[in-house]
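Peer 1: The following block contains the structure, expressed as structure tokens.
Bear in mind these aren't lab numbers, they're just calculated from the coordinates by the rules spelled out. Remember, it's a predicted structure, so these values are computed and weren't measured experimentally.
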Amino acid sequence: MKMNERCPVCGQPLDMEPGFYYGTNLVSYTVAVLIVAITFILWWIFIGFSFHDSRFFTWMLSASVLLIVLQPPLMRLSRTIWLAFF
């Protein structure tokens, strides 16, 4: 979870002013929505959805666990993407 003080390649300071990284929330949300959409489409193609059994709820639980497990890398990825805009 530790980030470098400066970019090792270009020297860009990675500790900007307070409030600079609020935009990472938008990037992280967008990436999370893309992950959920991709898992939804893949689940629909390979397994299918039905309310008569628990397939839909199993997908919801699987997608939730996946997002929780991927949260640390997504946090770093979204911060990197946000820095790339500037």
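Peer 1: Check which residues have an amide H placed less than 5 Å from Q12's amide H, if you skip close sequence neighbours.
Peer 2: Under 5 Å from the amide H of Q12: C7.
Peer 1: Collect residues whose amide H, placed 1.01 Å from N in the peptide plane, falls under 5 Å from the amide H of L70; neighbours closer than 5 in sequence don't count.
Peer 2: none
Peer 1: Here is a follow-up. What is the mean projected area of the alpha carbon convex hull for the chain, to one decimal in square nanometres? If you can, show how the numbers build up before the last one.
Peer 2: On the way: hull surface 27.9 nm².
The directionally averaged projection comes out at 7.0 nm².
Peer 1: What angle do you read, to the nearest 10 degrees and between 0 and 90, between the alpha-carbon axis of helix 71-84 and the longest principal axis of the chain?
Peer 2: 50
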